[in-house]
């Protein structure tokens with residue numbers, strides 16, 4: 001399985017990867033580490049003596065896209081961002097099963113190669129599913145877990161998803177116009193960023209879509225999250241409703257706290273104000289020696 005449609009598409013996706021890497025306000029390092037599934041690309045940014053923070057990006061994006069949104073924390077954290085298999089032009093060209101331990105094994109191999117024992121872990125959307133799955137299965141390897149609009153905790157209406165996403169996507173694939181792109185992205189984009197918009201418009205056409213939906217975690221899966229957990233959901237997220245996501249994690253995970261970001265769709269604001277807010281929230285959570293603030297699910 002190849003995550004681009006042809007060589008021209010791969011080159012276009014690579015250019016977008018580099019453009020977002022150029023947005024990172026820190027020197028970066030790029031290298032591959034061996035895993036049982038093959039060599040895996042990892043992007044690292046932030047001071048060499050910074051606090052290690054492993055970050056997992058959303059589906060159909062890549063490490064540079066996520067790290068560019070984390071600029072405000074790169075003065076104190078050493079962000080380590082592997083590209084997820086099948087979800088990035090730099091990722092392994094395979095889609096690992098969602099219902100077994102494949103993603104757990106994949107991330108364990110990366111952490112082992114980087115000599116990271118128990119680590120701070122942050123995942124967004126699809127990356128949130130992988131991070132949660134890893135933390136459930138190997139809790140001793142996760143010091144603290146933060147999730148932003150995570151998949152696999154609570155799902156939105158499939159009918160709403162079909163009408164708001166699937167049909168506009170089909171329309172855009174058939175007729176690539178600015179108006180059809182806006183129809184596709186308005187339900188999921190909180191703010192309008194030209195580079196994110198341009199990239200997503202190309203990715204819709206250049207990357208075969210992964211229609212799998214990460215399975216919802218069982219109550220036992222969430223009970224096994226014995227580390228401090230921070231859940232951040234979007235109040236207007238039609239894919240993974242923020243109120244339900246935060247409420248469920250806070251009700252079941254033993255040491256969870258959460259916050260519903262108001263007026264936030266599945267893709268949070270691509271603004272300097274939100275980046276600063278997120279950086280401060282993550283820094284407060286990862287730097288706190290206590291479990292932290294209570295759940296805010298309303």
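A few notes on this one:
- All positions within the stretch 219-273 that are out of contact with any helix residue (DSSP H, G or I) (no Cβ under 8 Å at 6 or more places or on another chain), without any contact (Cβ under 8 Å) to a residue 40 or more places away in the chain and assigned to a loop (DSSP other than H, G, I, E, B): 255, 262
- Subset tally (residues that are part of a helix (DSSP H, G or I), loosely packed, with under 14 Cβ neighbours inside 10 Å and touching a helix residue (DSSP H, G or I) at 6+ places or on another chain (Cβ under 9 Å)) for the stretch 188-204: 1
- The stretch 148-187: number of residues that are outside the structural domain of residue 249 (by TED's automatic domain parsing), within 23 Å of residue 271 (Cα to Cα), touching a residue at least 12 places away in the same chain (Cβ under 8 Å) and not in a helix (DSSP H, G or I): 1
- Taken as a whole, the structure leaves residue 247 outside the set of residues that are farther than 17 Å from residue 187 by Cβ and modelled with pLDDT under 95.
- Considering (1) without any contact (Cβ under 8 Å) to a residue 60 or more places away in the chain; (2) touching a helix residue (DSSP H, G or I) at 6+ places or on another chain (Cβ under 9 Å); (3) in a helix (DSSP H, G or I), the lone condition that residue 11 does not fulfil carries the number (2).
- Test: residue 44 is touching a strand residue (DSSP E or B) at 6+ places or on another chain (Cβ under 9 Å), modelled with pLDDT of 95 or more, more than 27 Å from residue 215 (Cβ to Cβ) and buried (at least 22 other Cβ atoms within 10 Å of the Cβ): no
- Residue in the stretch 113-120 that is assigned to a helix (DSSP H, G or I) and surrounded by 14 or more Cβ atoms within 10 Å (Cβ to Cβ) present: yes
- Scan of the stretch 170-187 for residues that are over 15 Å from residue 239 (Cα atoms) and either buried (at least 19 other Cβ atoms within 10 Å of the Cβ) or in contact with a helix residue (DSSP H, G or I) (Cβ under 8 Å, 6 or more places away or on another chain) (or both), ordered by number: 171, 172, 173, 176, 180, 181, 183
The values are calculated or read from the model by the stated rules, or taken from the named source; none is laboratory data. Model, not experiment: these values are computed from the prediction. Methodologically, a virtual Cβ is constructed for each residue, glycine included, from the backbone with ideal geometry; neighbour enumeration extends over all protein chains shown.
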